[in-house]
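So the structure is just underneath, and the comments pick up after that.
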Amino acid sequence: MKGTVKVAVFSSKHYDKEHLEIANKHFGFDIEYYEHKLSHKTVVTAQGYDAVCVFVNDEVDKTVLQKLAHYGIKILALRCAGFDNVDLAEAKKLGITVVRVPAYSPEAVAEHAVALMMTLNRRTHKAYQRTRDANFSLDGLTGFNMHSRTAGVIGTGKIGQAVIRILKGFGMNILAYDPYPNDVVVELGAQYVQLDELYAKSDVITLHCPMSPENYHLLNKDSFNKMKNGVMIINTSRGGLLDATAAIEALKQTKIGALGMDVYENERDLFFEDKSNDVILDDVFRRLSACHNVIFTGHQAFLTQEALLNISDTTLNNIALISGGKECQNIVK
């Protein structure tokens, strides 16, 4: 592309702009930031740009892609690792190159997953509220030693490996499942097993796999029934990996003892926005969030300074390579 590359950034927050501007000092792109999500209704604002930059909850289906192609946009840059919100077949058909950020900071997500584990286990969220009210009772705050317990890690890519390193530091036994085993995981001291064995033996189960049609609702009524009573489940990957309705029943039956979720299947209309003055209409979310042993965070596992800088630099570098006709390793095919 000749001249300055014009980039439209959707679903942008102040932290996105802050770190993209730092990275852009090396690229000199003409960047416009839009707080609203990319969707059928807002795609019209993409006119006049060379590239569009989106996040996890932007809508990039067939209709939106056709509009983008009509506007002459050839680059769709995801500032995240996941791409399940993009119709890749349609993008390819339209000649739109899709790029992503495959590994911005595995440690950021891994550390957040472990933070959820520790908070749920030792009830620090409850203790915080109590002590603010001068209530120093310890009733209901009993946890368990992570040491010598068994953790099941589903998905052993870079994030899963980072989680294993941390949990091994606690002295936990690690069971792992991944369709594509990695020798590094075995060297870290984890043991690959089949899912049913992981379900049956794990005290804590944590998800670190991408979203695909094959693993939609991977954790469902049947899988919950195979788990230990009182199992802790952590999901910092994709909301669709866990059947939230089935989880409610498992919580009621005490099959699930604690549930930590940084993602939610129907988060698109909830997360990344201030809904404190709104009535939440999602009954499943309301029922889950009302449980004392459930913690939600609003898709913030990635949110560290290091991750934001890596995301920004990689995203803009992806755009620079594609717009310059150069090879880019982060193309989604």
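The values are calculated or read from the model by the stated rules, or taken from the named source; none is laboratory data. All of these numbers come straight from a predicted model, not from anything done at the bench. Note: ideal-geometry Cβ built from the backbone for every residue, glycine included; neighbour counts use all protein chains shown. All accessible areas refer to the heavy atoms of the entire protein, side chains included, with ligands and DNA or RNA removed. Shrake-Rupley method; radii C 1.70, N 1.55, O 1.52, S 1.80 Å.
Going by what's in this entry, would residue 152 be described as part of a helix (DSSP H, G or I), in contact with a Ser or Thr (Cβ under 9 Å, 6 or more places away or on another chain) and among the small types (Gly, Ala, Ser)? In short, no.
Pairing residues of segment 275-289 that are at negative phi with residues that are basic (Lys, Arg), at Cβ distances under 6 Å and at least 6 apart in sequence or on separate chains, gives 280/286. Does residue 162 qualify as being in a helix (DSSP H, G or I), open to solvent by less than 10 Å² (accessible area, probe 1.4 Å) and out of contact with any strand residue (DSSP E or B) (no Cβ under 9 Å at 6 or more places or on another chain)? Yes, satisfied.
If we scan segment 21-39, do we find a residue that is closer than 26 Å to residue 211 by Cα, among the hydrophobic types (A, V, I, L, M, F, W, C), open to solvent by less than 70 Å² (accessible area, probe 1.4 Å) and modelled with pLDDT of 95 or more? Yes, there is a match, as at least one residue in segment 21-39 is closer than 26 Å to residue 211 by Cα, among the hydrophobic types (A, V, I, L, M, F, W, C), open to solvent by less than 70 Å² (accessible area, probe 1.4 Å) and modelled with pLDDT of 95 or more.
Can you say whether residue 266 is open to solvent by 10 Å² or more (accessible area, probe 1.4 Å) and either basic (Lys, Arg) or over 18 Å from the mean Cα position of the chain (by Cα) (or both), as far as the supplied structure shows? Taking the combined requirement at face value, the residue does not satisfy it.
Screening the candidates 44, 9 for the property of being surrounded by 21 or more Cβ atoms within 10 Å (Cβ to Cβ) and either among the β-branched types (Val, Ile, Thr) or over 21 Å from the mean Cα position of the chain (by Cα) (or both) yields one hit, 9.
In the set 307, 301, only one residue is within 18 Å of residue 208 (Cα to Cα) and in a loop (DSSP other than H, G, I, E, B); that residue is 301. For residue 250, the conditions (1) surrounded by 15 or more Cβ atoms within 10 Å (Cβ to Cβ); (2) under 24 Å from residue 58 (Cβ atoms) are fulfilled apart from (2).
For segment 206-218, does any single residue satisfy the condition of being without any contact (Cβ under 8 Å) to a residue 40 or more places away in the chain and open to solvent by less than 30 Å² (accessible area, probe 1.4 Å)? The answer is yes; a qualifying residue exists. Against the test of being under 28 Å from residue 102 (Cβ atoms) and not aromatic (Phe, Trp, Tyr), the options 194, 253 yield a single qualifying residue, 194. Of all residue pairs spaced 6 or more apart or on separate chains, those with beta-carbon atoms under 6 Å, a first member in segment 111-124 that is closer than 15 Å to residue 164 by Cβ and a second member that is open to solvent by 40 Å² or more (accessible area, probe 1.4 Å) are 114/166. The condition (being modelled with pLDDT under 95, of a type in the set (Val, Ile, Thr) and surrounded by fewer than 23 Cβ atoms within 10 Å (Cβ to Cβ)) is satisfied by just one residue among 231, 279: 279.
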